[in-house]
Amino acid sequence: MAPIIEKIAQALHLPHKDSKKGESAPPATSHAPAPAAAGSAPAADAPKTQVFDSSKVTVIFVLGGPGAGKGTQCDKLVREFDFCHLSAGDLLRAEQNREKSEYGELIRTYIKEGQIVPMEITIKLLENAMRAALAEGRAGEGWAEGKGRFLIDGFPRKMDQALKFDEEVCQSSLVLFFTTTEEVMLKRLLKRGETSGREDDNEESIKKRFRTYKETTMPVIEHYNKQGKVASIDASPSIDEVYEKASAVIKELFAGTLNRNVTV
Ligand code: C5P
Ligand code: MG
């Protein structure tokens, strides 16, 4: 494991159920449970369970290229379905700007270069935000008795994030995949860049983000496609037209009638 990853894993290994694993960082690549010694109490090395129970906590990943309209659609879905919306990019930017963050500079560099931030950081930020939302005990549909529903926007962008999150944090239910052309995305991002203040909404960073999306994120979509978990939505039309389809998919998901791996 590269030293920087080791350092990150160590520092972000905040107290939770597997915090007794020891002082050293867990290897980021090996999740194979060590066999428990016969007769011993369930130890820190016992097979891992997920942090959140997917029979209570619904996780929907929202993917699509930069500028596909993920955030815009999530804002609308939150209003209709009482989701907690967590944007991985927003969480990373907040951590980047947090005064005492050890990772501010590292995150800034990755974002500017359109690269994927080491997964330990992003997953820990998501896990903490989910824990906080569940502890807060929100009002609204789907939030009684320890239940919750989350739209996780812009995540997972790389296979390692997908595998680790599903195995260790919470099994996802669905991938809402917004697809459109690079031409449309570039136009939207440059428009957004006029007011967003984002360091990566410029043509040079956008090109890099497109490349990362094709090379690193598309395999994630293919992975979930094979699992029959993807609902693809053409994100080229107007916000309201796209939303009509997105909303219908979510209604069907909650009604238990959704046909996955469809393009709507
Ligand atoms: O989703 P958004 O466009 O806000 O993400 C901005 C940047 O944050 C990405 O280009 C990438 O550098 C970083 N990011 C990441 N891993 C994620 C989501 C975002 O590294 N899962
Ligand atoms: Mg966004």
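Summing charges over neighbours of residue 214, with a neighbour being any other residue whose Cβ is under 15 Å away from its Cβ, gives +2 when K and R count +1 and D and E count -1. Under a 5 Å amide H cut-off, with hydrogens placed 1.01 Å from N, residue 117 pairs with nothing among residues at least 5 apart or on other chains. Between residue 227 and residue 239, the distance separating the two model label sites (each 7 Å from Cα on the Cα→Cβ line) works out to 3.1 nm.
For segment 49-122, with all protein chains present and a 1.4 Å probe, just round the carbon and sulfur fraction of the accessible area to a whole percent.
On the way: 1410 of 3180 Å².
It is 44 percent, rounded to a whole number.
Could you work out the local net charge near residue 253, counting Lys and Arg as +1, Asp and Glu as -1, over the other residues with Cβ closer than 12 Å to its Cβ? After counting each charged neighbour, the total is +3.
Pairs of Lys residues in segment 107-253 are counted when their Cα atoms are under 12 angstrom apart and they lie 8 or more places apart or on different chains; the count is 4. Accessible-area rank, largest first, for 98, 260: 98, 260, with all protein chains present and a 1.4 angstrom probe. Here segment 213-233 and segment 107-174 have alpha carbon centers that stand 17 Å from each other.
In this structure residue 185 has an accessible area near 10 Å², from a 1.4 Å probe over the protein heavy atoms.
Quick one: if the Förster radius is 25 Å, what FRET efficiency do residue 76 and residue 56 give, using the C-beta to C-beta distance and rounding to 0.05? Present the calculation step by step, with values, prior to reporting the outcome.
Numbers: r = 25 Å, r/R0 = 0.99.
Efficiency computed from Cβ-Cβ geometry: 0.50.
Using a probe of 1.4 Å, the accessible surface attributed to residue 201 totals some 10 Å² when neighbouring protein chains are kept in position.
Using 0.36 nm per residue of separation minus the Cα-Cα distance, give me the extension gain between residue 109 and residue 263 in nm, one decimal.
Values: separation 154, 0.36 × 154 = 55.44 nm, distance 3.54 nm.
Gain in length upon complete extension: 51.9 nm.
Shape class of segment 98-187 from the Cα gyration tensor (axes a ≥ b ≥ c, square roots of the eigenvalues): oblate, since a/c reaches 1.5 or more and a/b does not exceed b/c. Taking a ≥ b ≥ c as the square roots of the Cα gyration tensor eigenvalues, segment 115-244 comes out prolate, since a/c reaches at least 1.5 and a/b is larger than b/c. In a simple Cβ point-charge model (Lys, Arg +1; Asp, Glu -1; nothing else charged), segment 198-264 has a dipole of about 400 debye relative to its Cα centre.
Provide the FRET efficiency to the nearest 0.05 for the residue 98-residue 215 pair, computing r from the beta carbons and using R0 = 35 Å. Kindly include the intermediate steps, with their values, before the conclusion.
Working: r = 30 Å, r/R0 = 0.85.
Using R0 = 35 Å, I get an efficiency of 0.75.
The values are calculated or read from the model by the stated rules, or taken from the named source; none is laboratory data. This structure is a prediction, so every number in the text was calculated from the model and none was measured. Neighbour counts are summed over all protein chains in view; Cβ atoms, including those assigned to glycine, are modelled from backbone coordinates with ideal geometry. SASA here: full protein model, heavy atoms, side chains in, ligands and nucleic acids out. Shrake-Rupley method; radii C 1.70, N 1.55, O 1.52, S 1.80 Å.
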